[in-house]
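S.K.: Handing you a structure now.
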Amino acid sequence: MTNKLAGFLYTRFGLPKFETFLDLSAYRHKLISGNVANVSTPGYRAQDIDFKAEFNRISGDTHQLAGSVTHPGHISLGQHQERAPEVTLAKTTEGELNAVDIDHEISNLARNELEFTVAARLLQRKFQGLKKAITSK
């Protein structure tokens, strides 16, 4: 199979979106795990990302303008896909050890894991369908 055809199939069957979803989900898992690990660290502020907004930005499903980068030394402008996800820090309230709510973090961790597993299984089925289409006579 030529590289051009492979690239077409890769894009045609939505694989870049699955790749983006899984990568972003793994990134969020690291953030949430860090929050859980620092539950008793004084002054620690919980970190998270707006998953839906970041997924839309990275996958190009946004209506906001982005500058194009024509040289590796250029700085990306606007909603550029190359920009790292924007991490938000939780606000601390007076008298608290830190800004980590363990119940909230465990809930986020479970939901993120479930979404990752579903996306991975859907991707697996997509590959099984492609394999079946290629090998069937």
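Here, each number is a calculation from the coordinates, and none is a lab measurement. Note that this is a predicted model, so its numbers are computed, not measured. Here the Cβ positions follow ideal geometry from the backbone for every residue, glycine too, while neighbour counts run over all protein chains shown.
S.K.: Filter LYS30/LYS132; LYS30/LYS52; LYS52/LYS91; LYS17/LYS91; LYS30/LYS91 down to the pairs with a C-alpha to C-alpha distance above 27 Å, please.
M.R.: Among LYS30/LYS132; LYS30/LYS52; LYS52/LYS91; LYS17/LYS91; LYS30/LYS91, the Cα-Cα distance tops 27 Å for LYS30/LYS132; LYS17/LYS91.
S.K.: Still on this model: Please list 3J(HN,Hα) in residue order for the range 109-118, calculated via the Karplus relation 6.51 cos²θ - 1.76 cosθ + 1.60 where θ = phi - 60°; whole Hz, with x for glycine and proline.
M.R.: My calculation for the range 109-118 gives 5, 5, 5, 4, 5, 4, 5, 4, 5, 4 Hz in order.
S.K.: Measuring from a point 7 Å past the Cα of ALA84 along Cα-to-C-beta, which residues in the range 25-44 have an amide N at less than 17 Å?
M.R.: Under 17 Å, as judged by backbone N against the label point of ALA84, lie 25-35 of the range 25-44.
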